[in-house]
Amino acid sequence: MVVITGASAGVGRAAARAFATRGAAVALLARGQQGLEQAAHDVRAADGRALPLTVDVADAQAVDAAAQRVEDELGPIDVWVNAAFTTVFAPVTEINPEELKRATEVTYFGFVHGTQAALRRMLPRDRGTIVQVGSALAYRSVPLQAVYCGAKHAIQGFTDSLRCELLHDGSGVRVTTVHLPGVNTPQFSWVLTRLPRHPQPVPPVYQPEVAAEGILYAADHPGRREYWVGGSTVATLLGQRIAPALLDRYLARTGYDSQQTDDPVEPSRPVNLWEPADGAQSADHGAHGVFDNQAHGRSLQLWLSRHRRPLAWGAAAAASLGGVGTGLAASRRPPSQRERLEVSLRRAAHSSSSPWTKAWGRLPRSWR
């Protein structure tokens, strides 16, 4: 049984469909009624069981009550996926305190509330998996997204502390994080923005189904502390470790334009900070955003990550075969003068000719 927060759209919506294709029962938590109803329809169409629940993850009591209802109606929670968030696209100086507080309550505290609700039910059973949907921006911040980056950094710190506590207690509950690249979700069409042009994910952009694939794999293999999805995520995180100051300067030059299209922001666009953009009277936004024409449907890096053990075995086998081949090649070549002399001396050392025995003993060790 799987619980997904932020399940009405974007990555959460794609993950719900992915779990449903395996016949899972999926509890869908989000604010938007219309989006939840359509997400539940997707789950049932994929042969899964759906329980849509209208919940604001910023409300700890509401999240815990939803978790209890899930267990009462669908059974014990096996996997809890935290994916809900909201944010503000703007320079730091243009974000007011109320907006910062609200976005942090949803994005950071929403993960905390979901994690704690899951732990209250998983720890007594000593089993279960919590998957935190992270981002490359949890390690490497970018301009214009201070609210989101701050929340994702906080989630990373919270999760690292929890992981240590679970290890200390010898718990069977697992927690893992899936760090994502730029994903083509509806958020760029409904987040609060003060940018002059329409927001967009930092290229390269991936489809939400790629993210969902990573989430499923992490849920099935929670032994790894975190997963990186997309080559750009790997490059970003490694770059941050090696040359953070260089990245600061690079993003200062490119970060504004790379996060905006050429189209102006429409004054009538919805904003989901305070109210859901996919409410009862709104159209369903689905999993995809408006960047289908440039989004990648596959990730070679994710495939390599999923198959790293067989690839490692293959590399080891190739190295072994290479060593055998080298040995065979060496055995086929004619013996060198040194090798012929060594063989002769070995034979002589075992004969009755004692001078040869003494000569063998006087040879340098590197020759013997």
Percentage of interatomic Cα-Cα distances in the range 162-206 larger than 14 Å: 65
Fraction in percent of alpha-carbon pairs per bin - 10 Å, the range 1-94: 18, 51, 21, 7, 2
Normalised per residue, the volume of the convex hull around the Cα set of the range 158-315 (Å³): 182
Ordering of 288-298, 130-140, 1-11 by packing [mean C-beta count within 10 Å, highest first]: 1-11, 130-140, 288-298
P(r) weight above 17 Å for the range 176-244, C-alpha pairs, percent: 53
Normalised alpha carbon radius of gyration of the range 74-200 [divisor 2.2 N^0.38 Å]: 1.16
Point-to-point label distance, residue 22-residue 304, nm (Cα→Cβ direction, 7 Å offset): 2.5
Pairwise label distance in nanometres, residue 93 with residue 167, each label 7 Å out on the Cα-Cβ vector: 4.3
Residue 177 accessible area, 1.4 Å probe, all protein chains in place, Å² to nearest 10: 0
Net charge of neighbours whose Cβ lies under 12 Å from the Cβ of residue 158, counting Lys and Arg as +1 and Asp and Glu as -1: 0
Distance in nm between pseudo-label sites at residue 47 and residue 262 (7 Å out along the Cβ direction from Cα): 4.6
HN-Hα J in Hz across the range 167-178 - Karplus 6.51, -1.76, 1.60, θ = phi - 60°, x for Gly and Pro: 5, 4, 7, x, 6, x, 6, 10, 9, 9, 10, 10
Contour minus Cα-Cα distance for residue 249 and residue 225 (0.36 nm per residue): 5.6 nm
Residues whose placed amide H lies under 5 Å from that of residue 265, excluding near-sequence neighbours: 197, 198
Amide proton proximity set for residue 175, modelled H, under 5 Å, gap of 5+: 130
Sorted largest first, extent of the range 209-282 alpha carbons per principal axis (Å): 44, 39, 20
Calculated diffusion of the range 1-157, Stokes-Einstein form, Kirkwood radius summed over Cα pairs, 37 °C and 0.692 mPa s, µm²/s: 208
In the range 47-134, trypsin sites (Lys or Arg not before Pro) in a DSSP loop with at most 14 other beta-carbon atoms within 10 Å: 127
For the range 147-188, alpha-carbon Rg over 2.2 N^0.38 Å: 1.51
Extension reserve of the residue 241-residue 73 stretch, reckoned as 0.36 nm per residue once the Cα distance is removed: 55.9 nm
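The values are calculated or read from the model by the stated rules, or taken from the named source; none is laboratory data. Because the structure is a prediction, the values reported are computed rather than measured. We place every Cβ from the backbone using ideal geometry, glycine too, and count neighbours over all the protein chains shown. The protein model used for the area step is the full one, side chains on, heavy atoms only, and it has no ligands, DNA or RNA in it. Shrake-Rupley method; radii C 1.70, N 1.55, O 1.52, S 1.80 Å.
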